[in-house]
Amino acid sequence: EERAPAALASLELSRQAERIAAAAPALLTARNEEARTRVAARIRAQLAGLEALRAHLRGTATDPNALRAIEPAVAGLDRNLDALDGLVAERLTAASRKEELLRRLSTTLIGAQRLVAPSTLVIESQLAAARRSATETGIGLSETVARFVPLQKAKLEITAVNDHLLRAADAAGIADLPLLAFPLQRSLDALEALTPELEPQLQERFAERVRDLKGLAEGPTSLPAAREQELRALARGERLLAENATLSGGLTQAADRLVAAAKDDITAAGGEAAMVRRTSTGVLLATVLASLLSSALIVWLYVDRNLVSRLQALAQSMLAIAGGNLQAPLPATGPDELGQMAEALRVFRDTAVEVE
């Protein structure tokens, strides 16, 4: 009655800690703020249940060392989940900023391509016409080719910058970002070098697009920086998850010690109950034997030696008087019914003697 609830509470505490540790990864991988809020609320409810179980164990646990090991583990889980919730909010903020930067990249890319594409199409049509007519002079053809090459290189470098930024936005680890930064910077430098080679009417607008691309590729507000923040938050979250698993394991071990202590108490209480049962059986048998012995003594000492003998004496006296022997001895009178019968018999005998 006293120890079984403690054992059950210890087991429930261990299972509750395991459920919390299992729910934490779902918090880290939340896709949006709504999912984060929902998972965090569920974990908070489980933590409240864990605190209630710990409070219950304070009054029932028999192993103070195990209980002292449980309390810092519970506090560590609470602290880590608060930190994890903050990291998830930071990761979601970085992911949201990354999505916004990707949309800006798409807009900038489209603008740069629209800037270069018409001139490229015009020069391609001029080259095609020159090949068909075969009237273009060598100087004019070389000028056309000289105008065409920078535009073609610009298109290739713009595409390369876009590819590098997209790969940086989806980098698997922080170590991959510096590897992607080198070709990205090379392509940006190539675009800056190509700007003076373009037609004068394109140079200013093209330089503006290059500055937009550099803003997306460099600095604390760039795509690689947003991805780095996201990856750092994930890395810290994974460390917290590993720490939560360790705390949960320690909490489970402490709960197992409490369960073992409660099982020992239950075993001891079972032994005591068996001893009490055996003692009670012996006492009951002794009581039955004493009752039987008392009954036999009552029958022998009181019923047989008192009641039966007096009844026999009274019956003999009555038979003797009825047979005419008025001098027959009478049993002693007394306050009980047999004594009253003996008194009545004496009166009857005295009356018979007087009549005679």
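The values are calculated or read from the model by the stated rules, or taken from the named source; none is laboratory data. Computed from a predicted model, the values in this text were never measured in an experiment. Neighbour counts are summed over all protein chains in view; Cβ atoms, including those assigned to glycine, are modelled from backbone coordinates with ideal geometry. For accessibility, only protein heavy atoms count, side chains too; no ligands or nucleic acids. Shrake-Rupley method; radii C 1.70, N 1.55, O 1.52, S 1.80 Å.
Within the accessible surface of the chain, defined with a 1.4 Å probe on protein heavy atoms only, the carbon and sulfur portion equals 60 percent. Here the simple spin-label model places points 7 Å from the Cα toward Cβ, and for Arg15 and Thr107 these points are separated by 5.4 nm.
Each Cα pair under 8 Å and six or more residues apart adds its sequence gap; the mean of these over the residue count of the chain is a relative contact order of 25 percent. For Asn244, the shell of other residues with beta-carbons less than 11 Å away shows a net charge of -2, using +1 for Lys and Arg and -1 for Asp and Glu. Given their separation in residues at 0.36 nm each and the Cα-Cα distance between them, Leu285 and Thr267 gain 3.8 nm when the chain is fully extended. Once the Cα atoms are used to define both axes, helix 64-133 deviates from the longest principal axis of the chain by about 20 degrees.
Between helix 223-297 and the chain, what is the angle of the helix's C-alpha long axis to the longest principal axis, kept within 0 to 90° and rounded to the nearest 10? Value to nearest ten degrees: 10. By the rule of a C-alpha distance below 18 Å, with chain neighbours fewer than 8 residues away ignored, the lysines paired with Lys98 are Lys214. Whole-Hz Karplus values for segment 149-164 come out as 4, x, 5, 5, 5, 4, 4, 5, 5, 4, 4, 5, 4, 4, 4, 5 Hz, taken residue by residue from phi with 6.51 cos²θ - 1.76 cosθ + 1.60 and θ = phi - 60°; glycine and proline positions read x.
Taking 0.36 nm per residue of sequence separation and removing the Cα-Cα distance, the Ala344/Thr93 pair yields an extension gain of 78.6 nm. Along segment 343-348 the Karplus relation, 6.51 cos²θ - 1.76 cosθ + 1.60 evaluated at θ = phi - 60°, assigns HN-Hα couplings of 5, 5, 5, 5, 4, 4 Hz to successive residues, with x for each Gly and Pro. Per residue, the solvent-accessible area of the chain (1.4 Å probe, heavy atoms of protein chains only, all protein chains present) comes to 58 Å².
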